[in-house]
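Data block below; observations after.
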Amino acid sequence: MTIPNPAATGIGLPATGGPRLPQEPRLHTEIPGPRSRALAARRVGAVARGVGETLPVYAHAAGGGVVVDVDGNSLIDFGSGIAVVSVGNAADGVVEAVREQIGRFTHTCFMVTPYEGYIAVCEALNRLTPGTHEKRSALFNSGAEAVENAVKIARSATGRGAVVVFEHAYHGRTNLTMAMTAKSMPYKSGFGPFAPEVYRMPLAYPYRWPTGPDRCGEEAAERVIELVRDEIGAASVAAMVIEPIQGEGGFIVPGTGFLPRLAEFCTVAGIVFVADEVQTGFARTGTMFACEHEGVVPDLITTAKGIAGGLPLAAVTGRAEIMDAPQVGGLGGTYGGNPAACAAALAAIDLIESEDLAGRARRIGEIALPRLHALRERYDFVGDVRGRGAMVALELVRGAGDDSPDKVLTAAAAAACHRRGLIVLTAGTWGNVLRLLPPLVIEEPLLLAGLDLLDEAFAELAARRQPPSPARPEG
């Protein structure tokens, strides 16, 4: 069955997904609607079962803070394609830059006949990333590819093999990055054996730290340092790789002092400290990079997602002497730094800076976090509220004094949001975190409307959980 274009069916959608889309929620059908359901049926016969989906709503257009589906429903986007379209799904500057570039050429391969766009993106990354030291960058396609190359670079620079990662981490789906990722299902189950010499350390997880949040960062850092020294041997470790705020792991903001202490230890021990900023980078948390919140200057930093307004691009940026360690030809890839993606990145970076999207992210946090804390006060199944800027989350638990993770309730919360036309994502090792990642360009009325829908969804959950009232005695 062929699904007709909604623009030709009387729904009246525009042909593009730019800011001309009305920035308001609008439901014409149930979610998912009939055209989305028809596409879902086609998907079953065409797409491999292992490719998951959060919400079976098929997009026709998107822009600003909305996604319009093939049934004409306009949904509020609190997912941003997993923190990718921070500047919006079809920002004018990005669209024009890509259109101009592909009109000249779509590909030559930078390793064959190079082009200026690749160099310009590397120059921008060298300028924007933390630290005033001399830097170099290399471009790739995905976050996982960037992380894997960061490890390659660290091993080449140090002559060491071991890699230290952390509980609840997510670093990607390649063989090495699966080994570095903590969560088994669905990311690792059945796909082993994995790359060796990867060692997992405790994370400073304030909500669940045994002695409480106040000393979490200090205690966790000392425990990690002890384990690296005594059980691995610091002289064997090439790289310590950490997300400054964990993404898929549940938006865990490590306890205060944890990151700076580990970075200091790595410097003394000759270990390359790698900040995986694939999800947190490019103004998402209210600074250009999340490690800046505690003044951490990593040796290497990996980026992707928000770098190019929705086009596939990733990078490793770091100290020149470390980045230049691999032999000529040791880094690269056929599509790495594709010219259209580079054009998109330069336009997206310009928008992030000129429109102060880091400030916009802080404003989103100022609006959203009090609303989430109010939910925590109201409902005992909201165990924790956390995050920075436009990267915030709620951890859901059984409640009534029991902080055990409640994955079923979290799935129900997401479904209740989806039915109302609000796109949200789940996360966490135990699947019990509801994460919110609105585009940084979302208009405040739309942000508030989305938070209102979140309130409605939680009220629905609470009503379902209420025990039935006891029957009144007759007479």
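The values are calculated or read from the model by the stated rules, or taken from the named source; none is laboratory data. All figures in this text were calculated on a predicted structure; none of them were measured in a lab. Because the Cβ atoms are built from the backbone with ideal geometry, glycine has one as well, and the counts that use them run over all protein chains shown.
Could you go through segment 272-285 and let me know if any residue there is among the small types (Gly, Ala, Ser) and within 22 Å of Thr177 (Cα to Cα). Within segment 272-285, one or more residues are among the small types (Gly, Ala, Ser) and within 22 Å of Thr177 (Cα to Cα).
The set of residues in segment 40-57 being modelled with pLDDT of 95 or more and surrounded by 17 or more Cβ atoms within 10 Å (Cβ to Cβ) consists of Val57 alone.
Among the residues making up segment 363-391, a single one is aromatic (Phe, Trp, Tyr) and either assigned to a strand (DSSP E or B) or surrounded by fewer than 22 Cβ atoms within 10 Å (Cβ to Cβ) (or both): Tyr379.
Of all the criteria given as (1) without any contact (Cβ under 8 Å) to a residue 12 or more places away in the chain; (2) assigned by TED's automatic domain parsing to the domain that holds Ala138, the one not satisfied by Val51 is (2). If you check Ile352 against the conditions, is it among the β-branched types (Val, Ile, Thr), out of contact with any strand residue (DSSP E or B) (no Cβ under 7 Å at 6 or more places or on another chain) and buried (at least 19 other Cβ atoms within 10 Å of the Cβ)? It is true that Ile352 is among the β-branched types (Val, Ile, Thr), out of contact with any strand residue (DSSP E or B) (no Cβ under 7 Å at 6 or more places or on another chain) and buried (at least 19 other Cβ atoms within 10 Å of the Cβ).
The residues of segment 299-340 that are closer than 16 Å to Glu123 by Cα, hydrophobic (A, V, I, L, M, F, W, C) and more than 18 Å from the chain's Cα centre (by Cα), listed by number, are Leu300, Ala320, Met323.
Only residues that are surrounded by fewer than 24 Cβ atoms within 10 Å (Cβ to Cβ) and part of a helix (DSSP H, G or I) were counted in segment 270-316, giving 3.
Return yes when Arg35 is part of a helix (DSSP H, G or I) and touching a helix residue (DSSP H, G or I) at 6+ places or on another chain (Cβ under 8 Å) and no when it is not. Yes.
Being surrounded by fewer than 24 Cβ atoms within 10 Å (Cβ to Cβ) and touching a Phe, Trp or Tyr at 6+ places or on another chain (Cβ under 9 Å) narrows it down to one residue among Ala195, Ala234; which is it? Just a single option satisfies the conditions, and that option is Ala234. Regarding Thr429, is this residue outside any strand (DSSP E or B), farther than 14 Å from Phe458 by Cα and touching a residue at least 12 places away in the same chain (Cβ under 8 Å)? Spelling it out, Thr429 is indeed outside any strand (DSSP E or B), farther than 14 Å from Phe458 by Cα and touching a residue at least 12 places away in the same chain (Cβ under 8 Å). From the list Leu394, Leu346, the one residue that fits, being farther than 19 Å from Glu145 by Cβ and assigned to a strand (DSSP E or B), is Leu394. Of all residues in segment 182-189, none are more than 28 Å from Glu395 (Cα to Cα) and either modelled with pLDDT under 95 or of a type in the set (D, E, K, R) (or both). Might you let me know whether segment 64-78 holds any residue that is more than 23 Å from Arg35 (Cβ to Cβ) and out of contact with any strand residue (DSSP E or B) (no Cβ under 7 Å at 6 or more places or on another chain)? No: segment 64-78 contains no residue that is more than 23 Å from Arg35 (Cβ to Cβ) and out of contact with any strand residue (DSSP E or B) (no Cβ under 7 Å at 6 or more places or on another chain). Scanning segment 404-425 for residues that are touching a residue at least 40 places away in the same chain (Cβ under 8 Å) and in contact with a strand residue (DSSP E or B) (Cβ under 7 Å, 6 or more places away or on another chain) returns Leu409, Ala413, Ala414, Gly421, Leu422, Ile423, Val424, Leu425. Take Ile322 and decide whether it is modelled with pLDDT of 95 or more and either farther than 22 Å from Thr106 by Cβ or part of a loop (DSSP other than H, G, I, E, B) (or both). Spelling it out, Ile322 is indeed modelled with pLDDT of 95 or more and either farther than 22 Å from Thr106 by Cβ or part of a loop (DSSP other than H, G, I, E, B) (or both). Restricting attention to segment 80-121, the residues that are more than 22 Å from the chain's Cα centre (by Cα), under 30 Å from Ile423 (Cα atoms) and of a type outside the set (A, V, I, L, M, F, W, C) add up to 4. Looking at this structure, is Gly212 surrounded by fewer than 17 Cβ atoms within 10 Å (Cβ to Cβ) and touching a helix residue (DSSP H, G or I) at 6+ places or on another chain (Cβ under 9 Å)? Taking the combined requirement at face value, the residue satisfies it.
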